[in-house]
Amino acid sequence: MTTSPFPTLRTPDGPPAPGRPAWNRQRASRMPSHRYQDVFSRVDVPLTDRRWPTRRLTAAPLWVPVDLRDGNQALTEPMDPARKRRFFELLVAMGYTEIEVGYPSASQTDFDFVRLLAETDLAPEHVTIVVFTAARADLIARTFESVRGLRNPVVVHLYTATAPTWRDVVLGRDRTELSDLIAAAGAEVLQHAGDDPRVRFEFSPEVFNLTEPDYVLEVCARMTTLWDATPERPVILNLPATVEVATPNVYADQIEHMHRNLDRREAVILSVHPHNDRGTGVACAELAVLAGAQRVEGCLFGNGERTGNVDLVTLGLNLHAQGVDPEIDFSDIDEIRRTVVDCNRIGVHERHPYAGDLVHTAYSGTHQDAIRKGFARHHAQARAAGLDPADAPWRVPYLPVDPADVGRSYDAVVRVNSQSGKGGIAYLLESAYGLELPRRLQIDFAGRVQEHADDSGGEVTAERLWRLFEEAYVLPDDGGRQVVPLAWSVAQPGAGSDRERLDVVLSVEGERVERSAVGAGPVDALASILAGLGLPVEVLGLTQQSITAGSDAGAVTYLEHRTADGSVAWAVGRDASVLGASVRALVAAATRS
């Protein structure tokens with residue numbers, strides 16, 4: 001019996017499920033899955049004639065970042081005042097107009113931050129400030145004390161858990177008792193608000209997604225009646241998936257059921273607050289908006305308790321990638337990420353959607369080739385349409401958005417390792433050095449790079465690619481060179497001649513040599529000169545290229561030639577002129593042969 005290299009794992013070895021097709025050889029595991037119930041055994045999901053699957057996302061909901069409250073509560077080291085301020089300034093700069101700033105009755109730091117907003121101009125007048133409180137009279141009073149004198153619109157966010165397990169285990173209340181407790185807290189909020197027109201109200205039945213639908217409707221109706229919700233002064237009903245327990249379609253059904261059955265629906269802002277325990281928080285939020293939600297609470301990059309809140313960056317850029325304005329500015333995603341990481345002291349994964357270091361990067365050869373061709377097509381079509389490429393329709397394979405939209409350069413789009421192919425290698429040399437390699441040269445060089453990458457086992461940077469390229473094809477610049485071109489000029493041998501005379505000065509093994517020859521062109525003439533020096537070069541093909549502005553070498557010549565042993569090889573010359581590049585390429589071929 002073979003000993004497993006992972007002795008702590010129990011490889012499934014039970015019988016396959018009855019009726020399983022022969023091609024599916026998965027076995028029953030010993031995971032204690034029988035301990036858990038599916039969501040339909042825990043809560044009624046009454047919707048059957050759902051409408052959300054046929055709807056489309058055509059506009060951004062109201063985004064409400066809760067990083068300064070919910071996200072902050074989840075940090076090992078909660079933000080100090082300076083970090084809170086920096087984060088708030090970032091949210092304002094990005095364009096968020098409703099921001100939950102803290103839990104002022106639970107933290108002196110949060111209380112002081114709300115007072116800072118009240119006593120300074122840090123919060124622009126158009127930004128609504130949201131403060132969070134539990135359903136207790138003393139906490140509600142402290143919350144209102146924190147917002148006293150605030151010039152901004154204010155939302156007081158009241159929450160209480162309503163799901164059966166929380167009622168029984170945490171609160172020790174039955175349905176009626178808990179409904180009365182919530183209503184009493186709502187009355188406290190109303191009394192403190194008085195007739196202040198700045199203040200609006202929000203209620204969250206925490207763990208909504210595991211609460212009986214009829215009970216949620218009953219409690220929400222009581223609150224909208226108590227707070228006298230009107231279209232002019234709507235009440236926010238926020239329906240959290242506090243602990244994600246089902247597939248996103250179930251949450252969408254629950255939201256649509258509320259959307260279609262709430263009292264005073266026109267006077268309610270229907271809000272959602274998905275968590276990410278199953279890793280589908282983004283999907284839950286998107287389907288919830290299809291189902292009728294108008295407002296989404298979440299955090300930048302998904303920070304929050306356990307696996308976090310829904311990620312507002314991903315949600316916003318998902319809309320952007322579908323041609324819908326997210327109404328938030330993500331044009332410098334790296335600055336946003338740096339600020340959030342500095343404030344939260346939690347990193348952002350390299351593969352995090354849109355913001356990770358590697359999300360626009362291709363190592364695979366097939367991906368690289370498609371991206372390189374896609375960029376070429378994009379720029380050609382933009383030119384043909386008379387458009388700036390930054391405004392032209394985007395259809396580049398493997399890149400759902402243009403990296404430039406989020407402030408990323410194209411430098412890291414294609415990176416080379418042992419999985420890469422000729423397309424990626426050619427892309428890097430073109431983007432970094434302006435070289436447009438002929439296809440056969442791409443193939444030749446790719447083999448050399450592959451060998452190097454297999455030996456090194458790591459990534460091959462553009463700089464390393466260039467060094468490999470020089471070593472393989474360009475005239476060496478060390479003291480062991482056999483032939484060095486020193487000077488050259490071209491003239492016609494006589495009036496009306498279709499041939500050209502090349503005058504060249506070479507250093508041959510350190511000795512100065514002057515030669516002239518007439519040929520069909522300067523390359524042909526130089527080949528004759530080199531053959532006379534015992535360095536014959538059989539030219540098979542020659543491609544010339546002008547380098548874009550900014551390069552110190554204005555021209556490149558790619559020369560395909562046959563070596564003394566009959567094989568085909570390449571040599572490359574770079575110079576300020578086309579003639580000089582051709583001379584250098586031919587001398588490189590002679591020297592290397």
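Laid out as a table, the results:
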quantity	calculated
Meets criteria (part of a loop (DSSP other than H, G, I, E, B), modelled with pLDDT of 95 or more and farther than 22 Å from Ser105 by Cα) for Ala221	no
Among the residues listed as Gly554, Gly566, Gly532, the single one being open to solvent by 20 Å² or more (accessible area, probe 1.4 Å) and free of Cβ contacts under 8 Å to residues at least 12 places away in the same chain	Gly566
Any hit, the range 243-254, residues being in contact (Cβ under 8 Å) with a residue 12 or more places away in the chain, open to solvent by 20 Å² or more (accessible area, probe 1.4 Å) and more than 25 Å from Arg306 (Cα to Cα)	no
So Ala370, is it touching a strand residue (DSSP E or B) at 6+ places or on another chain (Cβ under 9 Å), open to solvent by less than 30 Å² (accessible area, probe 1.4 Å) and not in a loop (DSSP other than H, G, I, E, B)	yes
Any hit, the range 179-194, residues being outside any helix (DSSP H, G or I), open to solvent by 40 Å² or more (accessible area, probe 1.4 Å) and at pLDDT below 95	yes
Subset of the range 373-392 that is open to solvent by less than 20 Å² (accessible area, probe 1.4 Å) and in contact with a helix residue (DSSP H, G or I) (Cβ under 9 Å, 6 or more places away or on another chain) - its residue that is nearest to Gln442 (Cα to Cα)	Phe375
Which numbered condition Arg167 fails, given (1) among the charged types (D, E, K, R); (2) outside any helix (DSSP H, G or I); (3) surrounded by 20 or more Cβ atoms within 10 Å (Cβ to Cβ)	(2)
Any hit, the range 258-272, residues being in the same structural domain as Asp70 (by the TED database) and under 28 Å from the mean Cα position of the chain (by Cα)	yes
The range 11-50, residues that are touching an Asp or Glu at 6+ places or on another chain (Cβ under 7 Å) and either free of Cβ contacts under 8 Å to residues at least 12 places away in the same chain or more than 27 Å from Asn249 (Cα to Cα) (or both)	Arg27
Odd one out for Asp277 among (1) assigned by the TED database to the domain that holds Met79; (2) surrounded by 20 or more Cβ atoms within 10 Å (Cβ to Cβ); (3) part of a loop (DSSP other than H, G, I, E, B)	(2)
Residue that is assigned to a helix (DSSP H, G or I), open to solvent by less than 30 Å² (accessible area, probe 1.4 Å), in contact with a strand residue (DSSP E or B) (Cβ under 9 Å, 6 or more places away or on another chain) and at pLDDT below 85, where the choices are Leu428, Leu441	Leu428
Close pairs from the range 158-179: first closer than 25 Å to Arg69 by Cβ, partner part of a strand (DSSP E or B) and charged (D, E, K, R), Cβ under 6 Å, at least 6 apart	Tyr159/Glu206; Ala161/Glu206
All positions within the range 21-43 that are surrounded by fewer than 12 Cβ atoms within 10 Å (Cβ to Cβ), of a type outside the set (Phe, Trp, Tyr) and part of a loop (DSSP other than H, G, I, E, B)	Pro21, Ala22, Asn24, Arg25, Gln26, Arg30, Met31, Pro32, Gln37, Asp38
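The values are calculated or read from the model by the stated rules, or taken from the named source; none is laboratory data. Here the structure is a predicted model, which is why all the values come from computation and not from measurement. Counting neighbours? That spans all protein chains shown, and the Cβs are built from the backbone with ideal geometry, glycine included. Please note that ligands, DNA and RNA were not included when accessible areas were found on the heavy atoms of the full protein model with its side chains. Shrake-Rupley method; radii C 1.70, N 1.55, O 1.52, S 1.80 Å.
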